[in-house]
Amino acid sequence: MAMKTLEYLRGISPDDCRKLRARGIRHTNQLLHAVTLDIDRQRLSSRTGISPERLLEFGRQSALLEISGMERYLPVIRRLGITSLKELKRADPEDLHAKVVDAVGLAGSPSRSMVQYWISQARTCDTMEEPEATPAQWDSPALFTRTPEPTRTAG
């Protein structure tokens with residue numbers, strides 16, 4: 001995939017681009033790597049003045065640009081409600097293909113196998129850490145309960 005300049009992102013302002021470039025971020029793939037983790041978005045936000053929420057949105061767009069063959073259809077995919085890799089990887093290939101065909105028309109739509117390929121790529125990519133996400137170990141009550149060890153009897 002060819003590198004895309006920051007201006008390619010929907011909703012990014014010239015001021016945002018200037019601030020990111022001042023931090024050495026010139027392309028969407030660089031931005032993606034700079035904002036994948038919530039802590040990194042917080043740090044970049046404090047250094048640029050761009051809110052963590054905007055950085056998350058720009059990161060989501062950058063991640064979708066990494067999916068091979070999807071670039072041309074991104075506006076349609078966004079209109080269908082898929083705005084992140086997390087949503088794309090959960091999509092049903094048959095259903096998504098049918099919706100894209102309905103939106104674009106059969107002649108201009110991707111093949112069913114291409115849509116399946118997009119989803120398979122999304123499933124192998126790392127996703128962005130979402131702000132409300134909690135670490136998996138926090139979800140496991142087993143980590144917080146302790147099983148008493150068996151007592152030995154002298155015998």
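The values are calculated or read from the model by the stated rules, or taken from the named source; none is laboratory data. All values reported here derive from a predicted model rather than from experimental measurement. When we count neighbours, we look across all protein chains shown, and the Cβ atoms used for this are built from the backbone with ideal geometry, even at glycine.
Taking the options Gln30, Gln42, name whichever one is surrounded by fewer than 16 Cβ atoms within 10 Å (Cβ to Cβ) and at pLDDT 95 or above.
Details: Gln30 fails: surrounded by fewer than 16 Cβ atoms within 10 Å (Cβ to Cβ).
Answer to the check: Gln42.
Take region 1-24 and flag every residue that is within 20 Å of Glu66 (Cα to Cα), surrounded by fewer than 12 Cβ atoms within 10 Å (Cβ to Cβ) and hydrophobic (A, V, I, L, M, F, W, C).
Ala2, Met3
Looking only at region 92-118, filter to residues that are of a type in the set (A, V, I, L, M) and buried (at least 20 other Cβ atoms within 10 Å of the Cβ); which one of those is farthest from Glu129 (Cα to Cα)?
Our first condition is that a residue be of a type in the set (A, V, I, L, M); within region 92-118, this holds for 96, 98, 100-101, 103-104, 106-107, 114-115.
From what's left, buried (at least 20 other Cβ atoms within 10 Å of the Cβ): 96, 100, 115.
Working: Leu96: 24, Val100: 27, Val115: 24 Å.
Among those that are of a type in the set (A, V, I, L, M) and buried (at least 20 other Cβ atoms within 10 Å of the Cβ), it is Val100.
Inside region 51-142, counting only helices (runs of 4 or more DSSP H) that do not spill past its ends, which hold 1 or more residues that are of a type in the set (A, V, I, L, M, F, W, C) and modelled with pLDDT under 90? Break it down into steps so the answer makes sense when it comes.
Details: elements: 52-65, 74-79, 85-90, 93-104, 112-124, 136-139.
By residue number, 136-139.
Test Ile25 against the criterion of being of a type in the set (Val, Ile, Thr) and assigned to a helix (DSSP H, G or I), and give yes or no.
It is false that Ile25 is of a type in the set (Val, Ile, Thr) and assigned to a helix (DSSP H, G or I).
Consider region 6-16. How many of its residues are of a type outside the set (Gly, Ala, Ser) and touching a residue at least 12 places away in the same chain (Cβ under 8 Å)?
6
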